[in-house]
2 protein chains.
Amino acid sequence: MNFCSNCGSPVETKVPPGDHLPRFVCTSCGTVHYKNPLLVLGCVPEWENKILLCKRAIEPRLGFWTVPAGFMENGETMQAAAARECYEEALAKVEIRSLLAVVNVTRANQVHVMFRAKMLTPEFGPGTESLEVGLYAESEIPWSDLAFASGEYTLRKYFEDRAAGRDDYHFTELAARRAI
Amino acid sequence: MNFCSNCGSPVETKVPPGDHLPRFVCTSCGTVHYKNPLLVLGCVPEWENKILLCKRAIEPRLGFWTVPAGFMENGETMQAAAARECYEEALAKVEIRSLLAVVNVTRANQVHVMFRAKMLTPEFGPGTESLEVGLYAESEIPWSDLAFASGEYTLRKYFEDRAAGRDDYHFTELAARRAI
């Protein structure tokens, strides 16, 4: 950040009065500009014991596989965001179910929130951000070609819980640099 | 938003190529500026069957009561944010425990995430954002003087679950305007 989005003047980095962290502060109008973590919402869509994965058509990690997920928009709930991303990336309509995983990706200032989901019909296909979309059994998951560590964590917990007949939620942190 | 934070030129509102929603786009350098929901993290700190509440020293809702909560910062986990806010507002050190409530405050573009917490010592006091801090039994909660609807929802679920001996998590949406 170089300029104030309110008045267009240069910003400087300083700790505002009463605050404890450096912020971008406008040198003219004094507006404090905060930078906060972004929410990424996704789901594991299930149909007859198989799950839906997308091969990414965009960077980062073009050509690698992911669960449908993306940035939450203003005005929607977490569940609505997860369902919307699934439709955009995999053209699949889902019912969002229980919370599965919360991945604090502190190195990227993101929080990834993943739900279990049930496909409402067997229809799916590649959205504009996907090269290919498919339903995979547990034995067919391309573990070595997954795009993001948060997706891998999500899928491992999904299958662990399914094997154990549980519906738990799981928190973890991805602090070290790695493709997420 | 009026000006580009990258180059200082005016922004316009338009749907970028490949996108489906209007964004702030720089008329000069072309940078797309996204606006996304903010995370508010909080907890219900417990000590010997009483819970810790703060009387707000700042707007909004100055003079009303709240559980310790505030905006999550870059570089921290949800749990770290909840514990930090508790220390800042109530000078209480806590261990964050299970997930209690996720409140999608769609009308304010916020997501409030609340955990159960255990105070590590009986020490507490008003931080700079609090007028007063106290431990309250369920029968003493000032229900009609709570600052935010998300806090009220959180406390109701906390006591419902405690009465039932459960440790569940709860999602809700606050869409209509009301003091949150």
Subject >> Selected residue (only one of B:Glu76, B:Glu95, B:Glu89 is touching a residue at least 40 places away in the same chain (Cβ under 8 Å) and among the acidic types (Asp, Glu)) >> reply: B:Glu89
**OP:** Spot the failing condition for B:Val105; the list is (1) surrounded by fewer than 18 Cβ atoms within 10 Å (Cβ to Cβ); (2) within 13 Å of another protein chain (Cβ to nearest Cβ), and only one is missed.
**Re:** (1)
**OP:** Could you figure out which of (1) more than 18 Å from the chain's Cα centre (by Cα); (2) surrounded by 12 or more Cβ atoms within 10 Å (Cβ to Cβ); (3) under 18 Å from A:Glu88 (Cβ atoms) isn't true of A:Thr121?
**Re:** (2)
**OP:** List the strands (runs of 3 or more DSSP E) that sit entirely inside region A:6-97 and contain at least 2 residues that are away from chain B (no Cβ under 14 Å) and either among the acidic types (Asp, Glu) or open to solvent by 10 Å² or more (accessible area, probe 1.4 Å) (or both).
**Re:** A:38-47, A:50-56
Original post:
Applying the selection to region B:99-126, what residues are in contact (Cβ under 8 Å) with a residue 60 or more places away in the chain and of a type in the set (Val, Ile, Thr)?
Top reply: B:Val102, B:Val103, B:Val105, B:Thr106, B:Val111, B:Val113
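The values are calculated or read from the model by the stated rules, or taken from the named source; none is laboratory data. Predicted, not measured: the structure shown is a model, and the values here were computed from it. Methodologically, a virtual Cβ is constructed for each residue, glycine included, from the backbone with ideal geometry; neighbour enumeration extends over all protein chains shown. Surface accessibility is based on the protein's heavy atoms, side chains included, excluding ligands, DNA and RNA. Shrake-Rupley method; radii C 1.70, N 1.55, O 1.52, S 1.80 Å.
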